[in-house]
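Just below is one structure, and these are the notes that go with it.
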Amino acid sequence: MRYLSQIFQPVLTIPKDAIIKNTEITCKSQKLLLECGLVRPTGSGLFTILPLARRVLNKLEALVIRCIEEAGAQRMSLPSLTAARLWEKTGRLQDVGAELMKVEDRHGKKYILSPTHEEAVADLLADVGPLSYKQLPLLLYQISNKYRDEPRPKHGLLRSREFSMLDAYGAHASPECAKETYERVTNAYRKLFQTLELPIYRVAAPSGAMGGSLSHEWQLLADAGEDTLQLCPECKSAMRSEQDSSRQCVRCASEMQLVNSIEVGHTFVLGARYSEPLRAHYAAVDAASTPLHMSCYGIGITRLLAASVEALANDKALRWPEAIAPYRVLIIGPKEGSKEWAVHGWEEVQGLGEELENEAGLYSDVVLDDRHTHTIGRRMKAADRMGYPIIVVCGRSTTEQPPRYELYRSKRVGYSAPVLLTRAELLATLATEANVTKVEVNPKEICAAESS
Ligand SMILES: [Zn+2]
């Protein structure tokens with residue numbers, strides 16, 4: 001269990017009369033994550049992830065791993081440095097050129113700090129190959145830091161030069177098999193985004209520098225987004241918008257709306273775009289050596305953290321998908337010296353915290369606000385800014401028999417009116433919710449409900 005005063009969270013307090021000159025802060029997530037002590041910039045487009053943001057990333061990674069492994073993926077780790085000659089063979093050294101971070105070792109050998117690993121994976125499969133058709137399909141993934149030499153890093157973690165990503169790579173013996181894996185991973189994405197309860201839409205996309213035959217972007221609706229979608233308010237079908245005016249929905253004939261969005265994921269069927277130049281082959285039934293049909297999948301993990309803040313926070317306060325909030329529950333005890341403090345003092349508050357962690361399934365997800373010299377109101381205000389999904393206050397009603405606790409839930413702005421619960425009711429309520437979030441969603445159902 002954590003005590004609030006011990007959390008390393010260097011909050012930036014800007015005096016009320018200060019004249020803000022910092023024009024580098026261009027969006028809500030960048031401002032709030034910095035001011036609330038979750039990240040710290042160390043240079044242009046570079047950030048130290050502090051403990052609270054690290055917890056969000058840990059939770060996000062755990063969800064991503066669960067979803068992608070259910071789709072059959074196996075985890076591995078590729079080096080961040082990829083030999084530049086591999087990128088030369090696929091032509092991307094020239095195509096992506098300026099955005100690559102380039103490195104040279106003491107022998108003059110050239111590397112890139114990889115923004116993505118299609119070449120590295122194709123080279124691995126060539127090195128161990130040719131694979132037998134019986135070993136296919138194969139789906140490999142990693143979660144690691146990637147690098148991009150952005151010309152103008154901006155919007156904090158939304159467009160940084162070092163970022164964490166899930167990248168997964170499929171290898172198949174036929175285009176049909178590649179399509180099947182694509183559908184499976186698509187369902188994994190839907191399940192992940194449904195768990196996060198974020199408005200994320202899959203839209204058809206041009207394949208661009210990646211090459212290949214089929215691709216979708218996964219776009220989160222948010223005002224600060226640099227992309228624009230056409231979204232149907234009726235049937236919720238969405239498409240990329242290259243124009244400024246809205247058009248009619250092909251499916252239900254409603255007028256579509258123009259909305260801003262942030263790309264948080266991308267999926268591609270690549271065909272032989274990488275396997276052919278890098279000679280990643282498989283041995284077919286007739287033993288003929290043929291280039292693999294590949295697919296690849298990405299989710300920006302650090303970007304998704306910032307994007308969910310963009311989508312959910314208000315101007316003054318953080319808000320989180322409950323599944324990835326740094327801590328799920330904050331407990332605020334009575335003010336020291338008050339009447340409640342005499343009846344329900346610090347030991348009682350600690351005991352409640354332990355029960356929530358050990359009996360309600362909230363292990364390591366509870367923080368105790370141990371600044372009991374401050375009023376409850378003042379601590380509530382600070383908690384609002386951090387956006388804890390749930391706040392439990394030990395207030396006046398803890399002097400009743402039996403004692404009752406105030407349960408608050410975060411809303412877009414502020415918190416819901418408190419519900420008064422006995423200790424047993426509180427434990428039961430939160431235990432049920434902790435269990436509910438563990439229930440698996442059937443991806444087939446999600447698939448059926450979604451537009452293509
Ligand atoms: Zn429609």
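The values are calculated or read from the model by the stated rules, or taken from the named source; none is laboratory data. As the structure is a prediction and not an experimental result, all values here were calculated from the model. Don't worry about glycine lacking a Cβ; one is built from the backbone with ideal geometry, like all the others, and counts go over all protein chains shown.
Odds and ends about this structure:
- When restricted to residues that are under 20 Å from residue 206 (Cα atoms) and near the ligand (Cβ under 10 Å from one of its atoms), the range 250-269 contains 1.
- Residues in the range 222-245 that are crowded, with 17+ Cβ neighbours inside 10 Å, in a loop (DSSP other than H, G, I, E, B) and within 16 Å of the ligand (Cβ to nearest atom): 232, 237, 241.
- Scanning the range 112-160 for residues that are without any contact (Cβ under 8 Å) to a residue 12 or more places away in the chain and closer than 22 Å to residue 27 by Cβ yields a total of 1.
- The sole residue among 243, 248 that is at negative phi, out of contact with any strand residue (DSSP E or B) (no Cβ under 7 Å at 6 or more places or on another chain) and modelled with pLDDT under 90 is 243.
- The requirement of being of a type outside the set (Phe, Trp, Tyr) and within 16 Å of the ligand (Cβ to nearest atom) is fulfilled nowhere in the range 282-294; no residue meets it.
- Lone unmet requirement of (1) within 16 Å of the ligand (Cβ to nearest atom); (2) in a loop (DSSP other than H, G, I, E, B); (3) not β-branched (Val, Ile, Thr) for residue 274: (1)
- The range 169-194, subset among the aromatic types (Phe, Trp, Tyr) and more than 16 Å from the chain's Cα centre (by Cα), residue surrounded by the most Cβ atoms within 10 Å (Cβ to Cβ): 169
- Among (1) touching a residue at least 60 places away in the same chain (Cβ under 8 Å); (2) within 19 Å of residue 296 (Cβ to Cβ); (3) of a type in the set (Gly, Ala, Ser), the one test that residue 224 misses: (2)
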